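The values are calculated or read from the model by the stated rules, or taken from the named source; none is laboratory data. As the structure is a computational prediction, the values presented were derived from the model and not from experiment. Heads up, the Cβs are rebuilt from the backbone with ideal geometry, glycines too, and the neighbour counts pull from every protein chain shown.
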Amino acid sequence: MKKFGDEYIRRFSSARIIEHWLNAIVFAVLVLTGLSQKFHDYSAAQWIVMTLGGIDATRIIHRYTGIIFAGLTIPHILAASFGFLFLKWQPSIIIHKNDFRDAIVNIRYYLGLEEHPARCDRFDYKQKFEYWGVVVGGILMIVTGALLWIPTVAARFLPGEFIPAAKALHTNEALLAFLVIVIWHIYNAVFSPEVFPIDTVMFTGKISKERMIHEHPLEYERLFGVSLKSPEDENAPEERTTT
Amino acid sequence: MLCRYVLGILLVLAAFPSNGFSAESSVSAADQTCMMCHSQEQDLTFDAGEKVSLKVNTEELGRSVHRIISCSDCHGFTADQHPKRTFKNHRQYTAFSAKVCTQCHVSHKTKIHEKLLSQSPKGTVCSDCHGFHSIQRARELSKGNHYCLNCHQRELSITFKTGEKQSIHINESILNISVHKNLSCTDCHFGFSSEEHPLRIFKSKRDYSIAMSESCRRCHFDKYSRTLEGIHYNLLTHGNLNAPVCTDCHGAHSVYSGRKEKLANAKKCERCHPEVYKVYTQSVHGGALILEHNEDVPICSDCHKAHDMTDPRTTDFRNAVPQMCGNCHADKDLMKKYGLSTAVVDTYLQDFHGVTLKFYKQQGKSVKPIAVCIDCHGIHDITKVNAPNAPMIKANLVKRCQKCHPAATANFPDSWVSHYKPSLKKAPLVYMINFGYKVFIPFMIIGLILQIILHIWRYAVNR
């Protein structure tokens, strides 16, 4: 799967890249059509709704885009579960107790209390946070969205109060997801000084060796059977890149 | 002539020293003869038993424009000839005597004279309006409204082509209590004056009322132009002559301010809409109006408007309902008096139905009818929410939900938090979720932003 090129290492397959960008488009449409319903008092929201052809059109777009979102999320979960269980896929995205340690180490590092940043594996804790945010939040949005789409059917099996509760969950979770994506994900993928002007991994699927050593040293060590642990070794490749 | 005139005066003064004759009156010698008898109290009895006094008020006669002609000029009697005539009744006598006027007044001044006289002797005769011994020039009879009332205070009536009769007798006391008491008749009845009294012919009484209501717009143009958008005017233009015009609600000669009394206003509508009015009287609003004389409650015109009332069956009307109810129910001071919450309007507007409605209004068309206040609370039959068997009771409410949501079942009404802001008591689940996110979202976002700032700072330091 991963080829060692001159300077780049394959990190994501084309399927993952397509999946990411489909998700991004779907997310953008859902945010646009959803938040403009949530913030209906604002003129910008009203402009969006009116431009899309009115509230009914906006809702229809939102709901069918939601179906596409479910069509991306649910098969993803099923495929991943199947892969981990039966195909011995590496559970590299699973949250590990080391992730919490890494987060604390990194914050200490930022504050100057730690000599080196945390040494992460294939996915660092920031990436896992975003991934699980999308998966868990996504399931929540799919379930609550379905309840809100067919409230009369839902109220046959559930207490009536679950409908406004579903709305509260759906609308608050939407705002949270939107803010996390525009602040955290866009920072890490676009504005972070380490990737600015843009992180190209999700376009090319390849990561540079320097970034890999810097950001995913454990994975690098595992892939190439080398140890970057000693201070000399760890500093060596970095010096080469900076000069 | 002069000699006769002076002689007359002297004779009169000599003959009736104690009769209060004024110096300017003149009674000819021949008339003196008449007055010898007719200044005494005496009655004439007609066949029908009616009695009429034969005494002539000389003072009145002296002020009359006819003081220069003699009794016999009109009555035909002289001292020598005084034939006995018999009349069935007083009216027959009056009609007979009035004929003599046309011997001198050969042409009719106005059309109305011609018409009135053409109906003689059954109808009106000259003396009915102008008087007989007291006869004066018309313009001196009276000024202003009294000029018109001179005739119209009499029991006159007109007959329309359809055969309907309408009294044109005007009760002056009614005029004086109207808000128009300072106007003159001709302000509304334009085209009429002391000089002109055109004869107009209307098919029916209703036609006349409709035509007359056009007068109102000369002053009340704002109201009139609003009625043009109203359903009543629309009905009228489509041929429904029973649709009300100005005077049907405001009255004609008795017109008074429409704002004065709410109950009286509501009752105006009752005349044509009795069923709706009956339902209204049993509602919480109507009940308070009638039983408690509460003027805070809405009457018909508060929701339907007074002049530009539109068809309440239209979607536009329906979509305006939350605003109508909100006029009072969002008024904090007013609702405080009755211990009612003003959150009812906002909770509706912020919920699914309210938001949809808002956009439908912006879009200018409704894709489907959206539940508004009246769908749950009722229209004219609005009750208190805690009244026995109120429509808001869950079992009743589900039926209302089913009108638009046919699949709704018993639990479904609970999905509406009943105008309450979620709290630990009402909709605790919703409250907890909102509260949780209210804490969690800022916590998360501030945390992430701090990390970003630290990350940038570390990067800058490392360089």
Inset, instruction - Counting only residues that are more than 19 Å from B:V125 (Cα to Cα), give me the helices (runs of 4 or more DSSP H) lying completely in the range B:27-113 with at least 1 of them. - result: B:29-38, B:58-63, B:71-75
Inset, instruction - Might you let me know whether the range A:118-131 holds any residue that is over 18 Å from A:F178 (Cα atoms) and in a helix (DSSP H, G or I)? - result: yes
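Residues to consider are B:T356, B:T342, B:T347; find the one that is outside the structural domain of B:K262 (by TED's automatic domain parsing), buried (at least 19 other Cβ atoms within 10 Å of the Cβ) and not hydrophobic (A, V, I, L, M, F, W, C). Give the derivation first.
Values: B:T342 fails: buried (at least 19 other Cβ atoms within 10 Å of the Cβ); B:T347 fails: buried (at least 19 other Cβ atoms within 10 Å of the Cβ).
Result of the check over B:T356, B:T342, B:T347: B:T356.
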Legend entry - Residue list for the range B:168-205, restricted to those being surrounded by fewer than 16 Cβ atoms within 10 Å (Cβ to Cβ), of a type outside the set (A, V, I, L, M) and not in a loop (DSSP other than H, G, I, E, B): B:E172, B:S173, B:N176, B:D187, B:K205
Legend entry - Pairs with Cβ under 7 Å, 6+ apart, first in the range B:62-73 and farther than 13 Å from B:Q136 by Cα, second surrounded by 15 or more Cβ atoms within 10 Å (Cβ to Cβ) and of a type in the set (D, E): B:S70/B:D31; B:C71/B:D31
Inset, instruction - Test A:K128 against the stated conditions and say whether it is more than 8 Å from chain B (Cβ to nearest Cβ) and touching a residue at least 40 places away in the same chain (Cβ under 8 Å). - result: no
Inset, instruction - Would you be able to say whether some residue in the range B:307-326 is assigned to a helix (DSSP H, G or I), in the same structural domain as B:F359 (by TED's automatic domain parsing) and of a type in the set (D, E)? - result: yes
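Any chance you could count how many residues in the range A:21-43 are assigned to a loop (DSSP other than H, G, I, E, B) and surrounded by fewer than 17 Cβ atoms within 10 Å (Cβ to Cβ)? Lay out the reasoning, then the answer.
Just the residues of the range A:21-43 that are assigned to a loop (DSSP other than H, G, I, E, B), to begin with: A:39-42.
If we keep only those that are surrounded by fewer than 17 Cβ atoms within 10 Å (Cβ to Cβ) as well, we get A:39, A:41-42.
Residues meeting the conditions: 3.
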Legend entry - Residue in the range B:146-162 that is modelled with pLDDT under 75, part of a helix (DSSP H, G or I) and in the same structural domain as B:A252 (by TED's automatic domain parsing) present: yes
Legend entry - Search result, residues across the range A:181-195 that are more than 7 Å from chain B (Cβ to nearest Cβ) and aliphatic (A, V, I, L, M): A:I181, A:V182, A:I186, A:A189, A:V190, A:V195
Inset, instruction - Output the number of residues of the range B:425-463 satisfying the condition of being within 58 Å of the chain's Cα centre (by Cα), part of a helix (DSSP H, G or I) and more than 9 Å from chain A (Cβ to nearest Cβ). - result: 1
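Can you tell me how many residues within the range A:121-141 are surrounded by 16 or more Cβ atoms within 10 Å (Cβ to Cβ) and β-branched (V, I, T)? Walk me through how you get there before you give the answer.
Looking only at the range A:121-141, we keep the residues that are surrounded by 16 or more Cβ atoms within 10 Å (Cβ to Cβ), and these are A:121-130, A:133-134, A:137-138, A:140-141.
Applying the additional criterion that residues be β-branched (V, I, T) yields A:134.
Number of matching residues: 1.
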Inset, instruction - Filter the range B:403-424 for residues that are outside any loop (DSSP other than H, G, I, E, B) and either closer than 18 Å to A:L158 by Cβ or not assigned by TED's automatic domain parsing to the domain that holds B:V345 (or both) and give the result. - result: B:F412, B:P413, B:D414, B:S415
Legend entry - Breaking point among (1) more than 21 Å from B:Q153 (Cβ to Cβ); (2) surrounded by 15 or more Cβ atoms within 10 Å (Cβ to Cβ), for B:L228: (2)
Inset, instruction - Output the qualifying pairs, or none if there are none: Cβ atoms under 8 angstrom, residues six or more apart or on different chains, first residue in the range B:328-339 and not assigned by TED's automatic domain parsing to the domain that holds B:N294, second residue hydrophobic (A, V, I, L, M, F, W, C) and not in a helix (DSSP H, G or I). - result: B:H329/B:L340
Inset, instruction - Considering (1) away from chain B (no Cβ under 14 Å); (2) over 17 Å from A:E219 (Cβ atoms); (3) surrounded by 15 or more Cβ atoms within 10 Å (Cβ to Cβ); (4) among the aliphatic types (A, V, I, L, M), say which one A:L78 fails and leave the rest. - result: (3)
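Just for the range A:146-169: of the residues that are more than 7 Å from every other protein chain (Cβ to nearest Cβ) and assigned to a loop (DSSP other than H, G, I, E, B), which one is nearest to B:M432 (Cα to Cα)? Step through it out loud before you land on a result.
Looking only at the range A:146-169, we keep the residues that are more than 7 Å from every other protein chain (Cβ to nearest Cβ), and these are A:146-150, A:154, A:157-158, A:162, A:166-167.
Of the ones still in play, those that are also assigned to a loop (DSSP other than H, G, I, E, B) are A:150, A:158.
Working: A:I150: 23, A:L158: 18 Å.
Filtering first and then ranking leaves A:L158.
A quick yes/no check of all residues on (1) in contact with an Asp or Glu (Cβ under 7 Å, 6 or more places away or on another chain); (2) closer than 29 Å to B:C148 by Cα; (3) modelled with pLDDT of 90 or more:
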residue	(1), (2), (3)
B:F192	no, yes, no
B:F202	no, yes, no
B:C246	no, yes, yes
B:C249	no, yes, no
B:K260	no, no, no
Inset, instruction - Take A:W184 and decide whether it is without any contact (Cβ under 8 Å) to a residue 60 or more places away in the chain, under 30 Å from B:Y431 (Cβ atoms), surrounded by 15 or more Cβ atoms within 10 Å (Cβ to Cβ) and aromatic (F, W, Y). - result: yes
Inset, instruction - Please indicate, with yes or no, whether at least one residue in the range B:49-69 is modelled with pLDDT under 80 and out of contact with any Leu (no Cβ under 6 Å at 6 or more places or on another chain). - result: no
